[in-house]
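Trainee: My questions all concern the structure below.
Any read-out appearing in this document is the output of simple, stated calculations on the displayed coordinates, not a laboratory observation. No experiment lies behind these values; they were computed from the predicted model shown. Cβ coordinates were reconstructed from backbone atoms using ideal geometry, including for glycine residues, and neighbour counts include every protein chain displayed.
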Amino acid sequence: MNPSDQKWSRLVAAARPAQDTRDTAAPYGFATRVAALAMAQERLSGSLLERFSLRALGLASLLALVCVAANISTVTSLFHEEAALSDDPVAEVLDLAS
């Protein structure tokens with residue numbers, strides 16, 4: 001065995017009987033204070049994911065509005081009765097059959 005191994009063995013052997021006598025319990029009311037502080041502070045800036053998701057939502061909404069604005073004539077023509085009668089698939093099939 002090397003001398004460094006003997007030193008390590010002595011240190012490990014000396015550390016085994018040592019006991020941890022520290023108090024690991026949180027002080028009385030600690031959880032209540034932490035919760036109160038968390039709720040009292042204003043969040044100046046959200047998380048990175050929150051900021052990017054809100055920007056993506058805004059961009060998707062803007063893109064949806066642009067698409068509706070570009071196709072408004074098609075959308076309005078769907079609500080006219082004349083366009084609805086000419087797009088009747090049953091009438092077209094009957095015209096093909098006769």
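Trainee: Among T24, T32, which comes first, second and so on when ranked by fewest other beta-carbon atoms within 10 Å?
Mentor: T24, T32
Trainee: One quarter of the convex hull surface, Cα atoms only: what value does that give for the range 48-98 in nm²?
Mentor: Projected over every direction and averaged, the Cα hull of the range 48-98 covers 5.6 nm².
Trainee: Starting from 0.36 nm per residue, how many nanometres of slack lie between H80 and R51 once their C-alpha separation is accounted for?
Mentor: Value of the extension gain: 6.2 nm.
Trainee: Suppose each label sits 7 Å from its Cα in the direction of the beta carbon; what would the A97-D23 distance come out to in nanometres?
Mentor: Result: 9.1 nm between the two label points.
Trainee: Starting from the Cα of A35, step 7 Å along the direction of its Cβ; do the same at A70; then give the gap between the two resulting points in nm.
Mentor: Here the answer is 5.1 nm between the modelled labels.
Trainee: While we're here: Fewest first, what order do R16, R33 take by the number of other Cβ atoms within 10 Å?
Mentor: R16, R33
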